[in-house]
1. Has segment 16-33 got any residue that is part of a strand (DSSP E or B) and modelled with pLDDT under 90?
2. Can you name the number of the only condition in (1) more than 15 Å from Glu86 (Cα to Cα); (2) aliphatic (A, V, I, L, M); (3) at pLDDT below 85 that Val66 fails?
3. Condition test on Asp43, is it assigned to a loop (DSSP other than H, G, I, E, B) and either surrounded by fewer than 17 Cβ atoms within 10 Å (Cβ to Cβ) or modelled with pLDDT of 95 or more (or both)?
4. Report the residue count in segment 57-73 for those that are under 20 Å from Glu96 (Cα atoms) and assigned to a helix (DSSP H, G or I).
5. Scan segment 25-40 for residues that are surrounded by 14 or more Cβ atoms within 10 Å (Cβ to Cβ) and either aliphatic (A, V, I, L, M) or on the phi > 0 side of the Ramachandran plot (or both) and jot them down.
6. Just checking, does segment 57-64 include any residue being of a type in the set (Ser, Thr, Tyr) and farther than 17 Å from Val94 by Cβ?
7. List the residue pairs whose Cβ atoms are under 9 Å apart, where the first residue sits in segment 67-96 and is touching a residue at least 12 places away in the same chain (Cβ under 8 Å), the second is in a loop (DSSP other than H, G, I, E, B) and of a type in the set (Ser, Thr, Tyr), and the two are 6 or more positions apart or on different chains.
8. Which members of segment 63-95 meet the condition of being over 20 Å from Gln21 (Cα atoms) and surrounded by fewer than 16 Cβ atoms within 10 Å (Cβ to Cβ)?
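The values are calculated or read from the model by the stated rules, or taken from the named source; none is laboratory data. Small disclaimer: the values here were computed from a predicted structure and weren't measured. Virtual Cβ from ideal backbone geometry, glycine too; neighbours counted across all protein chains shown.
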Amino acid sequence: MKDDKIFRELTPLDEIARESQVITIETDKRRYGKWMTIVSGFDLHAEDIKELAKTLKRKTATGGTVKGEKIELQGDQRERAKKVLEEMGFKVEVSE
């Protein structure tokens, strides 16, 4: 689905802005042994974090939320989130 707002045609400045951001993906164990994937490192002035979260939740088929400057996804979604963000033009680092 390339009709999302996030996948719109990027201008050269948008591409540079996305390529210069280094997005970090890590996991955290929460209550009752449940895993959360935490995506951080977005430039809040250049990106709509709520729209990014919506797209990530849809593409990874999971629930999640935005807390501050981070996107939290339910479960271990590191590889799926990395693939989606790289398709959008971000540089992604995955923490183990």
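1. So far as segment 16-33 goes, yes, one or more of its residues are part of a strand (DSSP E or B) and modelled with pLDDT under 90.
2. Of everything listed in (1) more than 15 Å from Glu86 (Cα to Cα); (2) aliphatic (A, V, I, L, M); (3) at pLDDT below 85, Val66 misses just condition (3).
3. yes
4. Counting residues in segment 57-73 that are under 20 Å from Glu96 (Cα atoms) and assigned to a helix (DSSP H, G or I) gives 1.
5. Correct list: Ile25, Met36, Ile38, Val39.
6. Just the residues of segment 57-64 that are of a type in the set (Ser, Thr, Tyr), to begin with: 60, 62.
Filter once more, keeping what is farther than 17 Å from Val94 by Cβ: none.
No, segment 57-64 contains no residue that is of a type in the set (Ser, Thr, Tyr) and farther than 17 Å from Val94 by Cβ.
7. Pairs found: Leu73/Thr62; Gln74/Thr62; Gly75/Thr62; Gln77/Thr62; Arg78/Ser95; Arg80/Thr62.
8. Gly63, Thr65, Asp76
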